[in-house]
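The values are calculated or read from the model by the stated rules, or taken from the named source; none is laboratory data. Given the structure is predicted, the values throughout are model-derived calculations rather than measurements. So basically every Cβ, Gly included, is an ideal-geometry build from the backbone, and we count neighbours across all protein chains shown.
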Amino acid sequence: MFRRLRILILLLILATVATTAWRTERHLRSWRSTLHVAVFALNADGSTAARDEVHRLEKTQLAPIADYIAAQAAAHGMDLTLPVRIETGPEITTLPPEQPASGGMLAAIRWSLAIRYWAWRHTPETSIRPDLRLYLLYHDPERNPRVPDSAGLAKGGIALAHVFAGREMAGSNLVVATHELLHTLGATDKYDPATNLALHPEGYAEPWRKPRLPQTQAEIMAGRIPLRGDTARIPASLAETVIGPATAREIGWSTDTH
Ligand SMILES: [Zn+2]
């Protein structure tokens, strides 16, 4: 009985959150005004490497994300002067609740609400109220060669990107961050979760290229450059990725809606 009541309350909260989020997402995907993205860095593993990175993080390091989205929008025929503006906020010291490894849909719903609550509680004020919030969770690659999955809440305006400290990781970190940001705008993954390989054609930068493999770039929501058979490479920078037509449609870059 109580369990049912709890589930009902949870679903009611979710329905309210979802309605508001749906309206917000529709507004964002209209691209009528500049989207303000606030970026916050966190030391995810308590390491000195991550701490140094968090303290070093500057707006200029993230500028390529805004330039990339502007260039990709232009490539899709969108006439947007400044689609995205990035601001960096102060460091956040309280880590977000961990994503459940399993537990089904209820656990996932609970986590998505917990993340929203965490973001509401712990995100410092910034000069402009952000449309999207990007949290960069830094890890020391020496300590953690594998990091938790990153996540972009499709209807929450919240992107959590698990990234690595170190100058040589800066390029691939931007790829991860942009991928998660695009999730918040409604983009879906374009890889097979069982193999991590890009789906054809929507997950390929040049799906009709002959020969099809190796590709030289990745579709950003596929996240990997297909090389041969079952081999793929993680792009080293945004320059090695593109926003493909399927992702462009999902985030509202469709010329017929304008
Ligand atoms: Zn994804």
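So the values come out like this:
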quantity	calculated
Some residue of region 55-76 being touching a Gly at 6+ places or on another chain (Cβ under 9 Å) and at pLDDT below 95	no
Long-range neighbours under 7 Å by Cβ, at least six apart or interchain, first residue at positive phi within region 71-89, second part of a helix (DSSP H, G or I)	Gly77/Thr255
Condition broken by Phe164, with the remaining ones in (1) out of contact with any Asp or Glu (no Cβ under 9 Å at 6 or more places or on another chain); (2) more than 16 Å from the ligand (Cβ to nearest atom) satisfied	(1)
Hits in region 177-194 (condition: in a helix (DSSP H, G or I) and either free of Cβ contacts under 8 Å to residues at least 40 places away in the same chain or surrounded by fewer than 18 Cβ atoms within 10 Å (Cβ to Cβ) (or both))	His183
Exclusive hit being aliphatic (A, V, I, L, M), without any contact (Cβ under 8 Å) to a residue 60 or more places away in the chain and in the same structural domain as His179 (by TED's automatic domain parsing), set Leu8, Leu35, Leu14	Leu8
Failed item in (1) under 27 Å from His36 (Cα atoms); (2) within 15 Å of the ligand (Cβ to nearest atom), with Gly157 passing the rest	(2)
Residues within region 145-176 that are crowded, with 20+ Cβ neighbours inside 10 Å, small (Gly, Ala, Ser) and not in a loop (DSSP other than H, G, I, E, B), tallied	4
Residues that are surrounded by 15 or more Cβ atoms within 10 Å (Cβ to Cβ) and polar (S, T, N, Q), drawn from region 218-258	Thr241, Thr247, Ser254
Residue tally, condition in a helix (DSSP H, G or I), touching a Lys or Arg at 6+ places or on another chain (Cβ under 7 Å) and farther than 17 Å from Thr16 by Cβ, over region 100-143	0
Number of the exception - Thr195 against (1) outside the structural domain of Ile234 (by TED's automatic domain parsing); (2) modelled with pLDDT under 95	(1)
Every residue from region 207-224 that is away from the ligand (no atom under 16 Å from the Cβ) and among the hydrophobic types (A, V, I, L, M, F, W, C)	Trp208, Leu213
Helices (runs of 4 or more DSSP H) fully within region 1-93 counting 2 or more residues that are exposed (fewer than 13 other Cβ atoms within 10 Å of the Cβ) and β-branched (Val, Ile, Thr)	2-28
Region 241-253: number of residues that are part of a loop (DSSP other than H, G, I, E, B) and touching a helix residue (DSSP H, G or I) at 6+ places or on another chain (Cβ under 7 Å)	3
Residue check, Leu136 away from the ligand (no atom under 11 Å from the Cβ), crowded, with 20+ Cβ neighbours inside 10 Å and modelled with pLDDT of 95 or more	yes
Among the residues listed as Arg209, Arg167, the single one being basic (Lys, Arg) and either assigned by TED's automatic domain parsing to the domain that holds Trp253 or more than 19 Å from Ala44 (Cα to Cα) (or both)	Arg209
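For every residue, the table says whether it meets (1) in contact with a Pro (Cβ under 7 Å, 6 or more places away or on another chain); (2) assigned to a helix (DSSP H, G or I).
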{"position": "Asn196", "(1), (2)": "no, no"}
{"position": "Pro201", "(1), (2)": "yes, no"}
{"position": "Glu206", "(1), (2)": "no, no"}
{"position": "Arg209", "(1), (2)": "no, no"}
{"position": "Met221", "(1), (2)": "no, no"}
{"position": "Leu227", "(1), (2)": "yes, no"}
{"position": "Ala232", "(1), (2)": "yes, no"}
{"position": "Ala239", "(1), (2)": "no, yes"}
